[in-house]
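The values are calculated or read from the model by the stated rules, or taken from the named source; none is laboratory data. Not measured: the values here are computed from a predicted model. All Cβ positions, glycine included, derive from the backbone under ideal geometry; neighbour counts span all protein chains shown. Side chains included, ligands, DNA and RNA excluded: accessible areas come from the protein's heavy atoms. Shrake-Rupley method; radii C 1.70, N 1.55, O 1.52, S 1.80 Å.
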Amino acid sequence: MPVITTKDGVEIFYKDWGKGQPIVFSHGWPLSADDWDTQMLFFLKHGYRVIAHDRRGHGRSAQTSDGHDMDHYAADLAALTAHLDLTNAVHVGHSTGGGEVTRYVARHGEGRVAKAVLISSVPPLMVKTTANPGGLPKEVFDDLQAQLATNRAQFYRALPEGPFYGYNRPGAKPSEAIIQNWWRQGMMGGAKAHYDGIVAFSQTDFTEDLKKITVPVLVMHGDDDQIVPYADSGPLSAKLVKNGRLQTYKGFPHGMPTTEAATINADLLAFIKD
């Protein structure tokens, strides 16, 4: 399997398909590069080079006990882009991956990056604080950690069959295959990485990172996102970056790259070509 080894000795698995302008995909918690299969095949067909990695502790990457924070995630992504010597790249991040992309572009990547896309992403800050009164209470994330520690296998069924894809909404038609694929990806990763990752995605403040980004940024967010609520995320991120565009999807869930792939892929392609 293609892997790189980071400065702190962690093996990171990645996929690298095709030729042309590179598009680099950063996945959400607690998934893997496999969550981008639909997007990678679509853009490969359209003549792009597509790259996706498993975040440390996730998927096929090493299940290290530490380094599960946004600084390490961004540094790992920087190590990958340097190893592959990517230039003029488009970075696309979903959910936690959007935080990873934000920190990477702000601190490591502007010389290599052409554009960035944040899909259903955690920036600017998920947790409620005095400065972020619209955020979610810390107890929400403490409860996620408690459920993970008690019965990770059951927890990883409840999320995809419920709020992640909006399958708990009236009239929704759940896909058992999508639910099982989410569970499969989650259970491939390490419990410690996923437990620590909840703190990383919920308590990291990306406000200053967003302000530093000058490349064009497309922020895509569904207004029925039950995981990363719309009002305190997408619109705020789009305003904080210097060259941002907000695209709001009425009724779309958090996992819209999977359930609404045709729409998301077409809009991504239009932004990349623009």
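The table for this structure:
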quantity	calculated
Segment 5-40, residues that are open to solvent by 50 Å² or more (accessible area, probe 1.4 Å) and touching a Leu at 6+ places or on another chain (Cβ under 7 Å)	Asp16, Trp17
Count - residues of segment 63-94 that are buried (at least 24 other Cβ atoms within 10 Å of the Cβ) and of a type in the set (Gly, Ala, Ser)	1
Which numbered condition Arg60 fails, given (1) under 30 Å from Asp225 (Cα atoms); (2) open to solvent by 10 Å² or more (accessible area, probe 1.4 Å); (3) in a helix (DSSP H, G or I)	(3)
Residues of segment 164-209 that turn out to be in contact with a helix residue (DSSP H, G or I) (Cβ under 7 Å, 6 or more places away or on another chain) and among the charged types (D, E, K, R), as a count	1
Scan of segment 202-248 for residues that are of a type in the set (A, V, I, L, M, F, W, C) and within 22 Å of Leu269 (Cα to Cα), ordered by number	Ile213, Val215, Val217, Leu218, Val219, Met220, Ala238, Val241, Leu246
Some residue of segment 118-126 being surrounded by 16 or more Cβ atoms within 10 Å (Cβ to Cβ), over 18 Å from Asp35 (Cα atoms) and of a type in the set (A, V, I, L, M, F, W, C)	yes
Check on Gly97, in contact with a His (Cβ under 7 Å, 6 or more places away or on another chain), surrounded by 21 or more Cβ atoms within 10 Å (Cβ to Cβ), not β-branched (Val, Ile, Thr) and not in a loop (DSSP other than H, G, I, E, B)	yes
Residue in segment 35-47 that is at pLDDT 95 or above, under 15 Å from Val90 (Cβ atoms), of a type in the set (Asp, Glu) and not in a loop (DSSP other than H, G, I, E, B) present	no
Residue check for Arg169: out of contact with any Gly (no Cβ under 7 Å at 6 or more places or on another chain), among the basic types (Lys, Arg), in contact (Cβ under 8 Å) with a residue 24 or more places away in the chain and not in a loop (DSSP other than H, G, I, E, B)	no
Matching option when the condition is under 23 Å from Ile227 (Cα atoms) and without any contact (Cβ under 8 Å) to a residue 24 or more places away in the chain, among Asp37, Asp85, Asp54, Asp71	Asp37
Enumeration of residues in segment 128-161 that are small (Gly, Ala, Ser), assigned to a helix (DSSP H, G or I) and open to solvent by 60 Å² or more (accessible area, probe 1.4 Å)	Ala149
